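The values are calculated or read from the model by the stated rules, or taken from the named source; none is laboratory data. On a predicted model such as this, the values are computed, not experimentally measured, just so you know. Here Cβ is always computed from backbone atoms with ideal geometry, including for glycine, and neighbour counts include all displayed protein chains. Side chains included, ligands, DNA and RNA excluded: accessible areas come from the protein's heavy atoms. Shrake-Rupley method; radii C 1.70, N 1.55, O 1.52, S 1.80 Å.
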Amino acid sequence: MTLYILLVLFGLVTLILGWFQINVYKGKAMDNPDGSTDDWHEQNILFGMSFADIVIICPATFVGIALILIDSHLGFFILGLLSFWHVWVNTAFTVTSLRFEKPEITFMWFIAYPFGILLGLLYLIWLFIHFDIVFFP
């Protein structure tokens, strides 16, 4: 049951990320919960980041979820790698937000920044606990 909850959370976070990054890629300035704005007209690196999320991260997440649902071990491996990515990227964004934006800690801020760390860690812990069942059935 916990696996399916994690898969639903990964799917929801990926849908939100994809929607957000598609808007950034199109050139729309998107406001973040910490008061900053993602606008690649001001910060050119955001164009590449949004493109990478749209072309690599979002599709890889959905492929990983689909492979798990059809009982392929490759899906667990893909989501494991993506969990490391969630922890790494969201740690960087959370620290940057806290250091430079000094945000008000709200529910939306928590979902936008540290929730990805929590989601990635929860999946990695789940995978560690069930490693023998997942990879050596």
Practice problem: Please work out the average accessible area per residue across the chain, using the 1.4 Å probe convention, and give it in Å². | Solution: 61
Quiz item: How much of the accessible area of the chain, probe 1.4 Å, is carbon plus sulfur, in whole percent?
Solution: 75
Self-check item: Column: log10 I(q)/I(0), Debye, Cα scatterers of segment 58-99, q = 0.26, 0.32 Å⁻¹
Solution: -0.78, -0.97
Practice problem: Calculate how steeply helix 73-96 sits against the longest principal axis of the alpha-carbon atoms of the chain, using the helix alpha-carbon long axis, and give the answer as 0 to 90 degrees to the nearest 10. | Solution: 30
Exercise. Determine, from the Cβ-Cβ distance of Trp19 and Phe100 and an R0 of 25 Å, the FRET efficiency 1/(1 + (r/R0)^6), rounded to the nearest 0.05.
Key: 0.50
Quiz prompt | Inter-probe distance in nm under a simple model that places probes 7 Å from Cα toward Cβ, at Ile5 and Asp132 | solution = 2.4
Exercise. Provide, for q = 0.09, 0.10, 0.17 Å⁻¹, the log10 of I(q)/I(0) from a solvent-free Debye sum over equal Cα point scatterers in the chain.
Key: -0.29, -0.35, -0.93
Self-check item: Two-site label geometry, Phe110 and Phe62: point separation in nm, points 7 Å out along Cα→Cβ
Solution: 3.0
Quiz item: To the nearest 20 debye, what is the magnitude of the charge dipole of the chain about its Cα centre, counting +1 on the Cβ of each Lys and Arg and -1 on the Cβ of each Asp and Glu?
Solution: 80
